[in-house]
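This report concerns only the one structure given below.
The values are calculated or read from the model by the stated rules, or taken from the named source; none is laboratory data. Predicted, not measured: the structure shown is a model, and the values here were computed from it. Note that we place each Cβ from the backbone using ideal geometry, even for glycine, and neighbour counts take in every protein chain shown.
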Amino acid sequence: MLEDKQRWNERYLDNPMPQEVSPLVAKYISHAKVGQAIDIACGTGRNTHYLADLGFMVDAVDISDYALGKVKKSAMINKIDTDLDKYNLTPNQYDLIVNVNYLNRRLVSQMKDALKSGGVLMFETFIVAHGDFNMPTTNLDYLLRKNELLHSFIGLDVIYYEERVDTNLRGEKIKVASLVAKKA
């Protein structure tokens, strides 16, 4: 865990990270009932802050204490400094689960169980890209395969799904999958 924490702290220090709320979250937030939310791998809190400002009580979870230090202190935000390889989600806990630019397959079934009835999942992360894309493929454990995100959440009602080419903050082309789904 200490090595992962150090690696992520260095990554936040060395690489530009998005500061604005994820467009996916902003566009589809109206589908979620304001209540308890979790921002998985929240980073410096761009989505956490947005949700808290809308009235959500947010569990902001990340392994990087540097990143969590950038998350505002607020009665609406519960910062959780933990290794997501070991952290477990509480069943039937959340009205909204946000997971952006992070993949931990161990948490997929837990996410389904952690949603309350009517709860919304917003999930967006990188796909294995071939050809001209610059997405590093050194560790495929952290990259989705084609249609994997959609298949991972069978059983939820899909509101939106897309796989697309996008551009990162460094101007490099990347491939991304986005899903918004609701638990019946």
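Structure notes:
- Sub-8 Å Cβ pairs linking a first residue in segment 92-109 that is more than 16 Å from F126 (Cβ to Cβ) to a second residue that is exposed (fewer than 15 other Cβ atoms within 10 Å of the Cβ) and aliphatic (A, V, I, L, M), at least 6 apart or interchain, are D95/V34, ordered by first then second residue.
- Near pairs, Cβ below 6 angstrom, 6+ apart or cross-chain, from segment 156-168 (at positive phi and in contact (Cβ under 8 Å) with a residue 60 or more places away in the chain) to any residue that is acidic (D, E) and assigned to a strand (DSSP E or B): none
- Filter pass, S30 being modelled with pLDDT of 95 or more and either surrounded by 17 or more Cβ atoms within 10 Å (Cβ to Cβ) or part of a loop (DSSP other than H, G, I, E, B) (or both): no
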